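The values are calculated or read from the model by the stated rules, or taken from the named source; none is laboratory data. The model shown is predicted, which means the values in this text are computed figures rather than measured ones. Ideal geometry is used to build each Cβ from the backbone, glycine not excepted, and the neighbour counts take in all protein chains shown. The area values use the complete protein model at the heavy-atom level, side chains included, leaving out ligands, DNA and RNA. Shrake-Rupley method; radii C 1.70, N 1.55, O 1.52, S 1.80 Å.
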Amino acid sequence: MNAYDELLARLKDIDLVGQIGGLLGWDQEVLMPPKAAALRAEQLSWISKTGHEKLTEARIGELLEILEQKDDLDEIQRGNIRLARDSYDKATKLPTDFVAEMAMHKSKSQISWTRARAENDFSIFRDDLAKMVEMSRKKADYLGYDDVRYDALLDLYESGLTVSRVDPLFAGLRENVAPLVKKVMQSGTKPDMSWVHNNTWSKEGQEGLSQSISEAIGFDFNAGRRDASTHPFCGGPNPDDVRWTTRYDEKDPFGSLYGSMHETGHGLYEQGRPRHLDFQPTGSANGLGIHESQSRLWENQIGRSREFCEWALPIWKEYFPEQMKGVSAEDLWRSVNFVEPSLIRVEADEATYNLHIMIRYEIEKKLISGEIEVDDLPDVWDDMYDEFLGIRSPNRTLGVLQDIHWSFGAFGYFPTYTLGNLYSAQLLTAARKELPNHDEQIRKGEFTPLLEWMRKNVHSRGSIIEPSELIKEATGDEPSPDDFVKYLQDKIEFLYEL
Ligand code: ZN
């Protein structure tokens with residue numbers, strides 16, 4: 001066997017271990033009986049240890065060194081070698097006892113975060129968070145970086161991402177979206193939400209609505225599933241087996257539907273991965289930012305458009321004939337675009353959401369560099385909410401303690417949410433140039449042309465090239481906030497008559 005085939009065979013093994021872990025994780029969230037929790041933790045820890053051992057075998061390093069000398073490789077081979085090198089370096093740069101210590105500390109600090117949040121007391125979480133920040137700084141130092149320490153952590157969630165790339169994106173949002181939200185608030189205009197809040201929305205009806213719309217968009221239920229879980233997610237081992245979940249609230253039908261469209265978007269990306277690259281790193285999705293662009297595309301860019309609401313209204317009426325009496329497509333459209341600054345990120349609307357992320361990004365950047373310390377966090381948090389959203393949390397639970405991410409050391413993760421929003425607008429703008437009848441197609445429920453465009457320009461490209469290169473290849477431009485800002489301004493100014 002030549003070096004390249006040997007590398008691919010080893011990578012396939014590692015990929016299979018990860019696929020099995022993914023299925024166990026899905027089962028844990030969706031089906032597993034509660035008593036199995038401790039056993040499942042052991043199984044998952046064995047899976048992750050086995051995967052790590054296979055990835056860090058010295059032979060992989062030797063093969064990479066041989067292959068990196070070659071200059072007759074094609075695009076896919078180069079991609080596989082680049083990605084394997086990246087995973088191998090990341091896995092071998094961290095000392096084994098550091099990885100074990102971090103894993104132990106993650107469990108401990110998630111428990112103290114849960115308690116602190118429930119009891120609205122930051123001091124319960126303070127020491128564990130301080131240790132987690134310290135460990136994350138150390139992790140960044142082990143991984144290495146060129147410019148600033150935080151870059152090493154950003155790169156874990158989107159390859160090649162750095163502060164110097166992200167700063168201008170958030171600056172564009174801060175300068176344009178924060179004033180837009182202020183104008184909406186000053187306008188005093190509000191859509192009529194009474195038809196939403198004065199009704200009960202049965203779980204069965206919401207399930208039917210979610211299922212119909214997910215099918216219509218193009219999710220293949222012969223190669224995937226829809227289930228319910230407390231924290232919605234999309235997972236599954238392979239394009240033939242993609243599983244997403246949602247949750248239902250009988251007081252609010254939008255959460256499950258838009259959550260379903262979000263996860264359907266993730267699922268479509270997974271189902272569209274290039275099949276000839278199964279088990280190869282280049283065949284996988286291209287990082288969290290691009291993944292999020294596909295979910296946000298269907299959830300927001302399409303799902304909150306006027307044309308989509310016109311198409312979807314009869315389906316709403318089919319599942320909720322009583323509740324939807326007298327509700328027009330325009331009412332629906334206005335209600336799903338309700339803008340209001342709120343304290344909780346996961347409940348935020350499309351306009352304010354990225355400001356929540358911008359605040360977290362600025363805080364993480366300063367925290368990892370040492371410009372601020374853990375004791376400064378609660379007040380820094382509240383002051384930034386005041387400055388950019390005009391609201392202050394009455395307590396820590398709704399403030400600095402609301403997100404789980406920092407408790408397991410996921411510094412650098414948040415920005416990928418906003419990248420997803422920006423990429424989705426940029427991709428749709430590019431797609432529209434080749435799809436002149438886009439609006440009319442959405443109004444008729446013809447989603448295939450847009451899905452095909454994404455299949456060709458995004459999904460089928462796997463991880464062959466870096467995420468920012470993929471955006472450039474698909475849209476002709478570097479990642480930029482411009483299309484998103486314009487999209488939001490146009491819609492919000494019209495809706496709120498600004
Ligand atoms: Zn998502």
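Before moving on, here are some points about what is shown:
- Above-threshold pairs, the threshold being 19 Å between Cα atoms, out of 49/365; 93/472; 12/54: 49/365; 93/472
- Qualifying lysines (Cα of each under 17 Å from Cα of residue 190; at least 8 residues distant if same chain): 182, 491
- For segment 300-347, the relative contact order comes to 40 percent (Cα pairs under 8 Å, sequence separation of at least 6).
- Carbon plus sulfur fraction of accessible area for the chain, probe 1.4 Å, in percent: 50 percent
- Accessible surface, the chain, averaged per residue in Å² (probe 1.4 Å): 44 Å²
- Loop trypsin sites (Lys or Arg not before Pro), segment 314-371 (other Cβ atoms within 10 Å of the site Cβ: 16 or fewer; DSSP): 325
- The order of 491, 54, 486, 472 by accessible area, most exposed first and with a 1.4 Å probe, is 486, 472, 54, 491.
- Straight-line cross-link partners of residue 325 among the aspartates and glutamates, defined as a Cα under 16 Å from its Cα and at least 8 positions apart when in the same chain: 192, 310.
- 24 Å Cα-Cα reach of residue 366 towards lysines, excluding residues that sit fewer than 8 places from it in its own chain: 90, 106, 131, 138, 139
- Net +/- balance of residues flanking residue 473 in space, Cβ distance below 13 Å, scoring K and R +1, D and E -1: -2
- Segment 265-336 - charge dipole about Cα centre, Lys and Arg +1 at Cβ, Asp and Glu -1, debye rounded to 20: 100 debye
- Segment 163-495: Cα Rg divided by the 2.2 N^0.38 Å rule of thumb: 0.98
- Low-density loop positions, GluC sites (Glu not before Pro), segment 396-498 - DSSP coil, at most 12 other Cβ in 10 Å: 497
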